[in-house]
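Some notes on the structure that comes next.
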Amino acid sequence: LERQVKALEAEYAVAQGQARALQARRQELVAQRSRQEVDIEELERRVRRAESREQSSRREMAALQKDLEAEQAKLKQLQQAAATAEADWSDLQSRIKEADSRLAALYRKQGSSSYRSRDER
(Lines give C-alpha, C1' and ligand atoms only; values in the text may rest on other atoms or scores of the structure.)
Protein backbone atom coordinates (compact mmCIF):
# COMPACT_ATOMS: atom_id res chain seq x y z
CA LEU A 1 0.00 0.00 0.00
CA GLU A 2 2.86 2.38 0.81
CA ARG A 3 4.36 1.72 -2.58
CA GLN A 4 1.11 2.55 -4.25
CA VAL A 5 0.82 5.76 -2.21
CA LYS A 6 4.41 6.72 -3.10
CA ALA A 7 3.79 5.87 -6.75
CA LEU A 8 0.61 7.93 -6.70
CA GLU A 9 2.44 10.80 -4.98
CA ALA A 10 5.17 10.59 -7.61
CA GLU A 11 2.55 10.58 -10.37
CA TYR A 12 0.82 13.50 -8.63
CA ALA A 13 4.10 15.43 -8.48
CA VAL A 14 4.72 14.71 -12.16
CA ALA A 15 1.12 15.74 -12.98
CA GLN A 16 1.56 18.95 -10.95
CA GLY A 17 4.78 19.71 -12.87
CA GLN A 18 3.01 19.08 -16.14
CA ALA A 19 0.07 21.21 -15.00
CA ARG A 20 2.46 24.08 -14.11
CA ALA A 21 4.22 23.69 -17.46
CA LEU A 22 0.89 23.66 -19.28
CA GLN A 23 -0.26 26.68 -17.28
CA ALA A 24 2.95 28.54 -18.17
CA ARG A 25 2.52 27.53 -21.82
CA ARG A 26 -1.10 28.69 -21.70
CA GLN A 27 -0.06 32.07 -20.30
CA GLU A 28 2.63 32.34 -22.96
CA LEU A 29 0.08 31.57 -25.68
CA VAL A 30 -2.42 34.07 -24.23
CA ALA A 31 0.30 36.76 -24.20
CA GLN A 32 1.29 35.85 -27.75
CA ARG A 33 -2.37 36.03 -28.85
CA SER A 34 -2.72 39.45 -27.20
CA ARG A 35 0.37 40.71 -29.03
CA GLN A 36 -0.99 39.35 -32.29
CA GLU A 37 -4.35 41.05 -31.71
CA VAL A 38 -2.54 44.35 -31.08
CA ASP A 39 -0.52 43.78 -34.26
CA ILE A 40 -3.72 43.05 -36.19
CA GLU A 41 -5.35 46.25 -34.90
CA GLU A 42 -2.27 48.25 -35.87
CA LEU A 43 -2.24 46.70 -39.33
CA GLU A 44 -5.95 47.43 -39.74
CA ARG A 45 -5.32 51.08 -38.78
CA ARG A 46 -2.48 51.24 -41.30
CA VAL A 47 -4.71 49.77 -44.01
CA ARG A 48 -7.46 52.29 -43.23
CA ARG A 49 -4.94 55.16 -43.36
CA ALA A 50 -3.51 53.85 -46.63
CA GLU A 51 -7.01 53.56 -48.09
CA SER A 52 -7.81 57.08 -46.93
CA ARG A 53 -4.60 58.40 -48.51
CA GLU A 54 -5.41 56.49 -51.69
CA GLN A 55 -8.88 58.05 -51.89
CA SER A 56 -7.43 61.47 -51.20
CA SER A 57 -4.79 60.92 -53.88
CA ARG A 58 -7.44 59.79 -56.35
CA ARG A 59 -9.51 62.92 -55.65
CA GLU A 60 -6.43 65.09 -56.02
CA MET A 61 -5.47 63.33 -59.24
CA ALA A 62 -9.00 63.86 -60.63
CA ALA A 63 -8.81 67.56 -59.73
CA LEU A 64 -5.37 67.85 -61.32
CA GLN A 65 -6.63 66.06 -64.42
CA LYS A 66 -9.49 68.55 -64.63
CA ASP A 67 -7.05 71.45 -64.21
CA LEU A 68 -4.79 69.95 -66.85
CA GLU A 69 -7.66 69.66 -69.30
CA ALA A 70 -8.66 73.27 -68.62
CA GLU A 71 -5.07 74.44 -69.13
CA GLN A 72 -4.79 72.42 -72.33
CA ALA A 73 -8.00 74.06 -73.60
CA LYS A 74 -6.53 77.49 -72.74
CA LEU A 75 -3.30 76.55 -74.50
CA LYS A 76 -5.24 75.52 -77.59
CA GLN A 77 -7.08 78.83 -77.58
CA LEU A 78 -3.81 80.72 -77.13
CA GLN A 79 -2.21 78.76 -79.96
CA GLN A 80 -5.14 79.61 -82.21
CA ALA A 81 -4.93 83.26 -81.16
CA ALA A 82 -1.18 83.23 -81.79
CA ALA A 83 -1.71 81.70 -85.23
CA THR A 84 -4.31 84.37 -86.00
CA ALA A 85 -2.01 87.12 -84.70
CA GLU A 86 0.85 85.72 -86.77
CA ALA A 87 -1.33 85.73 -89.88
CA ASP A 88 -2.44 89.29 -89.09
CA TRP A 89 1.20 90.30 -88.55
CA SER A 90 2.19 88.75 -91.85
CA ASP A 91 -0.70 90.54 -93.57
CA LEU A 92 0.33 93.85 -91.98
CA GLN A 93 3.95 93.30 -93.03
CA SER A 94 2.91 92.74 -96.63
CA ARG A 95 0.59 95.78 -96.52
CA ILE A 96 3.45 97.89 -95.13
CA LYS A 97 5.75 96.65 -97.90
CA GLU A 98 3.09 97.49 -100.47
CA ALA A 99 2.64 100.93 -98.99
CA ASP A 100 6.40 101.50 -98.92
CA SER A 101 6.74 100.46 -102.56
CA ARG A 102 3.81 102.69 -103.56
CA LEU A 103 5.37 105.57 -101.63
CA ALA A 104 8.70 104.97 -103.34
CA ALA A 105 6.91 104.87 -106.70
CA LEU A 106 5.18 108.16 -105.95
CA TYR A 107 8.47 109.78 -104.97
CA ARG A 108 10.01 108.53 -108.17
CA LYS A 109 7.11 110.02 -110.16
CA GLN A 110 7.60 113.34 -108.43
CA GLY A 111 11.29 113.17 -109.12
CA SER A 112 12.19 113.96 -105.59
CA SER A 113 14.14 111.89 -103.16
CA SER A 114 12.33 110.07 -100.48
CA TYR A 115 13.00 111.91 -97.27
CA ARG A 116 11.87 110.22 -94.16
CA SER A 117 11.18 113.35 -92.10
CA ARG A 118 10.72 117.08 -92.44
CA ASP A 119 14.12 117.68 -90.91
CA GLU A 120 15.79 115.68 -93.66
CA ARG A 121 14.03 117.75 -96.34
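The values are calculated or read from the model by the stated rules, or taken from the named source; none is laboratory data. Quick caveat, the model's predicted, so the values are computed rather than measured. As a convention, Cβ positions derive from the backbone with ideal geometry for all residues, glycine included, and neighbour counts pool all protein chains shown. In case anyone asks, the SASA skips ligands and DNA or RNA and just uses the protein heavy atoms, side chains included. Shrake-Rupley method; radii C 1.70, N 1.55, O 1.52, S 1.80 Å.
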>> So, ARG49, is that one assigned to a helix (DSSP H, G or I), under 40 Å from the mean Cα position of the chain (by Cα), surrounded by 10 or more Cβ atoms within 10 Å (Cβ to Cβ) and modelled with pLDDT of 95 or more or not?
In response: yes
> If you scan the stretch 1-38, which residues turn out to be open to solvent by 90 Å² or more (accessible area, probe 1.4 Å) and charged (D, E, K, R)?
Replying inline: GLU2, ARG3, LYS6, GLU9, GLU11, ARG20, ARG25, ARG26, GLU28, ARG33, ARG35
> Which condition number in (1) modelled with pLDDT of 95 or more; (2) more than 34 Å from the chain's Cα centre (by Cα) is the one that ARG108 fails?
Replying inline: (1)
